[in-house]
Amino acid sequence: MAVRTLSFASRLLPARLRALPATSAVIFLARWLLLASLVGALAGTASAGFLTALEWVTGWRDAHPGALALLPAGGLLVGLAYHRFGNRVAKGNNLILDEIHAPRAVIPLRLVPLVLGGTLVTHLFGGSAGREGTAVQMGGALADQLSRWLPRRERRLLLIAGMSAGFAAVFGTPLAGAVFGLEVLLLGSVRYDALLPSFLAAVVADVVTRAWGVGHTHYPELAALPLTLGGLGATLLAGAVFGLAARGFAALTHGITRVFSRIAYPPLRPVVGGALVALAMWGLGTTRYAGLGVPVIVEAFQHVLGPQDFAWKLALTALTLGAGFKGGEVTPLFFIGAALGSALAGVLPLPVALLAGMGFVGVFAGAANTPLACLLLGLELFGTGAGVYLALACAVAYLFSGHTGIYASQVVGQAKHLRFGRQQGRRLGELGARPEQD
């Protein structure tokens, strides 16, 4: 009702007045201040409830390690739910990106309970997955419900704002969340027309989530270091390794998705995948790689980890998500990057905390093709002292990950290399793997 009222009120102004630049800007600001506040409030509230439930689920799983045996049964529940009710929404984040690139129909509201329930079940029984996919999908789906009362041309802005709000709320990083929504659509390009809606929605979502009393993980502030020739070389080398790790994660996840797609009955895919994940963790004798793995991420900043940590998290997350479980990739990518950076501290002349922080944002930058959002993420989480190192790590990782990524519906807006210029305008899924899950 409020959206209709504001739209009607703006039409009451004389056409000549509405055409003035300053007046148009005021109308746009007022309109999106209302819309973005609604989107942020919805996404923030949904994320607060999700994070609270996820914290309880994680605590219960840690207290009952034997629950890992039920992971195949949990996979069956997730598989059946999506097979019965989620035919259109099974693509997750890729569905939202598709609707922004080529709008067709409002995203069904049933995506919210499906991805929420699926993610909680995944974490309850020990699957290796994240949480940002859930928050982004909920933010996009809730925002899209408002598009029923808006002109069709504004739906894209609303969906972008919803994605930004979901990301900002789940990590407590409004600047990174806003830029993530603007940057993730087009590889190498940014949607500036959604700048104001994204920032407003991200800020409101973060404020609302915190107002519900939901906190976020605190990471150590990285100390400022002078940029030396040796430090620069180590940073560039580490960034290249982070980019290759991101490329490997994306390729492995998409490859596993293709393998599991050969199972004719979709609900059986996460059953088989769940059994393999459970057997692997039993064989390793640890649940260190289950769920988000935040304790290990924090540990990576404190001392050098072995290379097995990032390798096992990469493999088990790719298997969990490729088999059809729900959640997201971002927090596992934080784990993979931080653990890899920590391991590199054994051979590179940089502090372990700095390399862990660089890997934290660098691997994500390469996998999601969002280097600017990842730089802001690092500044918001680790402070500005190591900003130059974080920026270089994100830029080099982005370059070395090539035209691959975790989002198949991401479109190449600006090629990373001149020799890839012919790929401009094409979806990543058309260039290689064709994943349908997040």
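The values are calculated or read from the model by the stated rules, or taken from the named source; none is laboratory data. Treat the numbers as computed from the prediction; the structure is a model and nothing was measured. Cβ atoms come from the backbone with ideal geometry, glycine included; neighbour counts cover every protein chain shown.
Those helices (runs of 4 or more DSSP H) of segment 1-91 in which at least 3 residues are under 30 Å from ILE406 (Cα atoms) and at pLDDT 95 or above, considering only elements entirely within it, cover 21-63, 71-85.
The criterion of being surrounded by fewer than 24 Cβ atoms within 10 Å (Cβ to Cβ), closer than 24 Å to VAL136 by Cβ and touching a Phe, Trp or Tyr at 6+ places or on another chain (Cβ under 8 Å) does not hold for VAL272. Tell me, please, whether a residue that is part of a helix (DSSP H, G or I), surrounded by fewer than 19 Cβ atoms within 10 Å (Cβ to Cβ) and of a type in the set (D, E, K, R) can be found in segment 206-215. Taking every residue of segment 206-215 in turn, at least one turns out to be part of a helix (DSSP H, G or I), surrounded by fewer than 19 Cβ atoms within 10 Å (Cβ to Cβ) and of a type in the set (D, E, K, R). Hey, does segment 371-382 have a residue that's in a loop (DSSP other than H, G, I, E, B) and within 22 Å of GLU329 (Cα to Cα)? Taking every residue of segment 371-382 in turn, none turns out to be in a loop (DSSP other than H, G, I, E, B) and within 22 Å of GLU329 (Cα to Cα). Residues of segment 115-132 that are under 14 Å from GLY74 (Cα atoms) and surrounded by 23 or more Cβ atoms within 10 Å (Cβ to Cβ): VAL115, GLY118, THR119, VAL121, THR122, HIS123, PHE125, GLY126, GLY127, SER128, ALA129. Restricting the first member to segment 257-280 and to residues that are within 13 Å of PHE325 (Cβ to Cβ) and touching a residue at least 24 places away in the same chain (Cβ under 8 Å), and the second to residues that are in a helix (DSSP H, G or I) and charged (D, E, K, R), the beta-carbon pairs closer than 8 Å and six or more apart or on different chains are PHE260/ARG269.
Does segment 187-194 contain at least one residue that is of a type in the set (Lys, Arg) and either without any contact (Cβ under 8 Å) to a residue 12 or more places away in the chain or out of contact with any Leu (no Cβ under 8 Å at 6 or more places or on another chain) (or both)? Within segment 187-194, not a single residue is of a type in the set (Lys, Arg) and either without any contact (Cβ under 8 Å) to a residue 12 or more places away in the chain or out of contact with any Leu (no Cβ under 8 Å at 6 or more places or on another chain) (or both). Would you confirm, using the coordinates I've provided, whether ALA408 is at pLDDT 90 or above, small (Gly, Ala, Ser) and assigned to a helix (DSSP H, G or I)? The answer is no for ALA408. For segment 147-158, the count of residues that are in contact (Cβ under 8 Å) with a residue 12 or more places away in the chain, crowded, with 24+ Cβ neighbours inside 10 Å and not basic (Lys, Arg) is nonzero.
To keep it simple, each residue is scored yes or no on (1) within 13 Å of the chain's Cα centre (by Cα); (2) touching a residue at least 12 places away in the same chain (Cβ under 8 Å); (3) in a helix (DSSP H, G or I).
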{"position": "THR317", "(1), (2), (3)": "no, yes, yes"}
{"position": "THR320", "(1), (2), (3)": "no, yes, yes"}
{"position": "GLY328", "(1), (2), (3)": "yes, yes, no"}
{"position": "PHE334", "(1), (2), (3)": "yes, yes, yes"}
{"position": "SER342", "(1), (2), (3)": "no, yes, yes"}
{"position": "LEU355", "(1), (2), (3)": "no, yes, yes"}
{"position": "VAL363", "(1), (2), (3)": "yes, yes, yes"}
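In the condition set (1) among the small types (Gly, Ala, Ser); (2) out of contact with any helix residue (DSSP H, G or I) (no Cβ under 7 Å at 6 or more places or on another chain); (3) not in a loop (DSSP other than H, G, I, E, B), ALA224 is compliant with all but (3).
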